[in-house]
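**Student:** This structure is in structure tokens; I'll ask about it shortly.
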Amino acid sequence: MTVMTRKTAAKVPASAKWPSLHARYQALLAGSDAESAAWLREQLARVQGMQDSLPAHPEHLEAWSAGHAAQVAEAYAAYLAQRRQGSPRRYFANRAQALWFLQQVAPTKAVDGAWLHGTLRQWRDPRYHGLIRTYLEELGGGDPRCNHVLIYQRLLSRLGCLDLPELDDQRYLQGVLQLALGRNADDFLAELIGYNLGYEQPPLHLLITTYELAELGIDGHYFQLHVTIDNAASGHAHLSIQALRQLCPADDVGAFYQRVRLGYRLNDLGVDTPSLINSFELEAELLRVLEHKRHFGQFMHSDHCRLQKRTVNQWLAEPGCMPAFLDALQAQGWIRRGEAPGNSRWWALIDGPAAPMYGVFTAYEKQLWHDWIAAGWQAPVSRVMPGRWEASLQLDAPLERTTQETDIEADIEALIDSMAGNRHATPEGLLATQGYLRATGLAQEEPR
């Protein structure tokens, strides 16, 4: 994951065939976007004039990567010192903002590592083994406890955020790039290596995100995992440089490296993580949710309850009235902002299995209400160390292989197909990953 350079906020347009990036994303997940190579060339042309932080010559990459890691470590130490001196959280003012962020980046996390999928076919060539190993580790080697996509899905599920809201189309950009690179690995090998090189450099935002999620009672194991696995000494950051050295043609180093740099810059398309987090506005997000709910609730309320002489149905019937509706709830004492939400009558209507409006709002939407009502009031929250919830999982029972699945092990292409996109996170995909490791002989032995 990289923030080596600041991402551009310029929006990437969709093509004529695919009216949105979301549509192209879904097509790539289904394996049906035959135009993805042409789209990739368009994106590479977009980054042609961009700057990057890579050294001028590939032989300096180790020093560059070590220098970046040192800078991140120094910046994180300064952040921790500031926090110890009483500075507030840098990213997440409240839990609602953290949940919002986790949903915004979900399309990318759902295809973690997908840009490397096409390298699986080169398992006979040891020069590719670093890239393949990186992808297999993203898949957890077929272990449901270690599959990165499954870890993120479990996180969203625990938080009640598995059903994503309608996202801005640009939130699918990086996921589309990753899927397109994975689909066209042979034609874009240099660019794939460059993208991998950038993505696997551990960024500062990963460390801060992990720390602040823990403070908010959210298990940041997914993010902590990438802090350790992407390290520059022996992790994915190291393997990314090793792959470049092994696959760069000796008679064409200059041209190959320039293509690598273009692939590296693809990381910088879209909004960078700190800017995305900073774009969150609590009241605006709550109003967005209410405006969406308004369409479903405008005929569902009785007329005996009135706010400022208007029934709830009347409030909900008119577009754009939700800001005034919030004001009315406060004016009539239903909401007491700046206090514990439990002090507000409105909270008693929506929270708890016996609440009259139980189920009207999702866990995320209730968190929006909670933090908006609290308006700075904070209850003590127990810090959750990364991996606490994951460690409690009872997933020791091995996946059972059927006769058909055993037979398919001989068909490497079928196994690879089941490991594409996010299909590897399904029971069939997990079995396929295990089968691929056995069939190719790439399973690593444990110390003994």
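**Student:** What fraction, in whole percent, of alpha-carbon pairs in the stretch 283-374 exceed 16 Å separation?
**Tutor:** Summing the P(r) tail past 16 Å for the stretch 283-374 gives 55 percent.
**Student:** Which of Ala66, Ser53, Ser87 sits farthest toward the positive end of the charge dipole of the stretch 51-90, with +1 on the Cβ of Lys and Arg and -1 on the Cβ of Asp and Glu?
**Tutor:** Ser87
**Student:** While we're looking at this one, here's another question. For the chain, what is the charge dipole size about the Cα centre, in debye to the nearest 20, if Lys and Arg each add +1 at the Cβ and Asp and Glu each add -1 at the Cβ?
**Tutor:** 1400 debye
**Student:** Number of Lys-Lys pairs in the chain under 26 Å by Cα, sequence gap 8 or more or different chains?
**Tutor:** Close lysine pairs under the 26 Å cut-off: 6.
**Student:** How big is the dipole moment of the stretch 21-280 about its Cα centre under a simple scheme where the beta carbon of each Lys and Arg is +1, that of each Asp and Glu is -1, and everything else is neutral? Debye, nearest 20, please.
**Tutor:** Dipole size: approximately 460 debye.
**Student:** Starting with the highest mean, order 148-160, 28-40 by the number of other Cβ atoms within 10 Å, averaged over the residues of each peptide.
**Tutor:** 148-160, 28-40
**Student:** Kindly give Rg over Rh for the stretch 21-280, based on alpha-carbon atoms, with the Kirkwood expression for the hydrodynamic radius.
**Tutor:** In the stretch 21-280, Rg relative to Rh is 0.95.
**Student:** Just going by the charge dipole of the chain, with Lys and Arg at +1 and Asp and Glu at -1 on Cβ, which of Val271, Ala340, Ile193 is farthest out on the positive end?
**Tutor:** Positive-most Cα among the choices belongs to Ala340.
**Student:** Suppose only helical runs count, i.e. DSSP H with n ≥ 4. What mean residue ellipticity at 222 nm does that imply for the chain under -39500 (n - 2.57) per run, divided by all residues and rounded to the nearest 500 deg cm²/dmol?
**Tutor:** Value at 222 nm, helices only: -15500 deg cm²/dmol.
**Student:** Could you work out how far apart the two model spin labels at Ala63 and Arg388 are, taking each label as a point 7 Å from the Cα in the direction of the beta carbon, and quote it in nm?
**Tutor:** The modelled label-to-label distance comes out at 4.4 nm.
**Student:** Treating only the Cβ atoms of Lys and Arg (+1) and Asp and Glu (-1) as charged, compute the dipole magnitude of the stretch 283-374 about its Cα centre; round to the nearest 20 debye.
**Tutor:** 260 debye
**Student:** Could you tell me which of Ile208, Tyr135, Tyr222 has its Cα farthest along the dipole of the chain towards the positive end, charges placed at Cβ (Lys, Arg +1; Asp, Glu -1), taken about the Cα centre?
**Tutor:** Ile208
**Student:** Can I ask one more? Could you order the peptides 310-320, 181-191, 247-257 from most to least packed, using the average number of other C-beta atoms within 10 Å per residue?
**Tutor:** Averaged packing, sorted descending, gives the order 181-191, 310-320, 247-257.
**Student:** Let me ask something else. Could you give the radius of gyration (one decimal) and Dmax (whole number) of the Cα atoms in the stretch 1-142, in Å?
**Tutor:** Here Rg and the maximum Cα pair distance are 19.3, 55 Å.
**Student:** Could you give me the radius of gyration and the Dmax of the chain, taking only the C-alpha atoms into account and expressing both in angstrom?
**Tutor:** Over the chain's Cα set, Rg and Dmax evaluate to 24.2, 82 Å.
All of the numbers you see were taken from the coordinates with simple rules; none came from a lab. These figures come from a predicted structure and were not determined experimentally. Backbone-built Cβ (ideal geometry, glycine too); neighbour counts: all protein chains shown.
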